[in-house]
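The values are calculated or read from the model by the stated rules, or taken from the named source; none is laboratory data. Given the structure is predicted, the values throughout are model-derived calculations rather than measurements. Glycine also receives a Cβ, built like all others from the backbone with ideal geometry; neighbour counts cover every protein chain displayed.
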Amino acid sequence: MLKKLDILILRSFIGPFIVTFFITLFVLVMQFFWLYMDELIGKGLGIWMIVQLLFFMSTTMVPLALPLGILLASIMTFGSMGENFELVAIKSAGISLLRFMRPLLFFIMFIGGLAFLFNNNVIPYANLKALSLLYDLRNSKPTFNIRAGQFNKDIDGFSIRVGEKDKDGKTIRNIIIYDHTSGAGNDRVVIAKQGEMIPSADKHYLIFRLRDGWRYEEAVSNKDGVNSYQQYRMYFRKWDKVFDLSSFKLTRTSEDLFKDAYQMMDVVQLNERIDSFRRYEKSLAKNLGIYLSPNIEAMGNDSQLAVLNKRISSVKKIITYKSSFLDLVPDSLKGRIVASSINTVRNSKGMIDISSNDKTLHHENFLQFNVEWHRKFTLSFACVLLFLIGAPLGAIIRKGGLGMPMVIAVAFFVVFHIMSITGEKLSKTGSIPTWIGMWMATGMLLPIAFILINQARNDSQIFTKEWYMRVWTKAISVFKKSK
């Protein structure tokens, strides 16, 4: 019987889980397009480019969609069972809440293991593909588009104005082309009454086949040190002006430029980088001490300080001076000593400033890599945690469908997400240790999960209207008695 019950619970959960996961993923991907819509529209993206971007971005959204899908599906599953009195029948058969939660808990733990493997191996590759593609798309030029009555300067070195443009999209009239490629201003102008725009077969060139027009050119010649200006005017019946459109073609940046980012690494690579940061910080302090120790005895190691203290203690007579050490220096050497001291102090200060800035930069990178290392594990624990919250919540509210479960699931997930983002920001700024910031949301919601499980085991009615009505009635009665 218990095996059949386990299979029933798993079947009841898997369907809503798949539906809610893909709905959540779709909403998150649409949010991404909403944010970057202005930067992507008008770039002439092909269908395959859009499909690639959609696929890789949806892959990077899985760590956010998976916990929310589990939370919502668990509330829907247990809420539907409570609404149909299946939980009552199960409990009346002597099966506890924890017992019929067990198969789903094992299943969620299995999902959490898969989530870790996905987060560690697939997400870095998807981030590399998605972010490099998004970078190229955001920095690509818009498609070349000639509009009637407006100057177009999209092609470098040219300003093009078309007075009229027919509905066929090819025939144009009253054309003016300013050629600035010489760098001397509007020294070349083309005017034509009509023409056609003809793209080449490979779309790399655009041919303006102009008819009945004039070409104006200005030339400067230098003879005997005197500049002379000449203007040429040439009439043409038919003339082809070819524009190079290669700058409008999307060029892909090498992915090797993005591979060193922390989003593109797995746990092993992150461990190596974190260890290298730690070794570098130690070597930085050591190198700074070696540089300063010849000038500052206090910067030496323990053996050098011991020798210095021994020398001081062995001095029988200490020479004192009234106002400055320079009083003991001959006048002929004072200038050289002062200049040498100033130069030494200036160099030491510069070295300290460089080392300080370098350490600050490397420490910020160290925190980012450390945060990413913890993120690899927090996803798996978030899946289990939100299930432990969602299952008893569903048993308490006893409502299925997408109504009340959706509201409660979104509310809990928003709280979890806000605490996660807050902890991550505090970790990256170094305000708190990284492990505390990254596990803060899990640590704060875990006791709530245990409280909800205990409430569900005792058939709590905190999410029913009747319970609040009874509490309100008691409060009113107590208030009346106090009068």
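The table below gives the values:
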item	result
Unique match (being assigned to a loop (DSSP other than H, G, I, E, B) and at pLDDT below 85) among Ile476, Ile462	Ile462
Met81 being buried (at least 16 other Cβ atoms within 10 Å of the Cβ) and in a helix (DSSP H, G or I)	yes
Residue in the stretch 121-163 that is modelled with the lowest pLDDT, counting only those that are among the basic types (Lys, Arg) and part of a helix (DSSP H, G or I)	Arg138
Test: residue in the stretch 89-99 that is free of Cβ contacts under 8 Å to residues at least 12 places away in the same chain and closer than 26 Å to His417 by Cα	no
Count - residues of the stretch 367-389 that are touching a Ser or Thr at 6+ places or on another chain (Cβ under 6 Å) and among the hydrophobic types (A, V, I, L, M, F, W, C)	4
Residue match in the stretch 402-422 (condition: at pLDDT 85 or above, in the same structural domain as Leu64 (by TED's automatic domain parsing) and either of a type in the set (Lys, Arg) or in contact with a Pro (Cβ under 7 Å, 6 or more places away or on another chain) (or both))	no
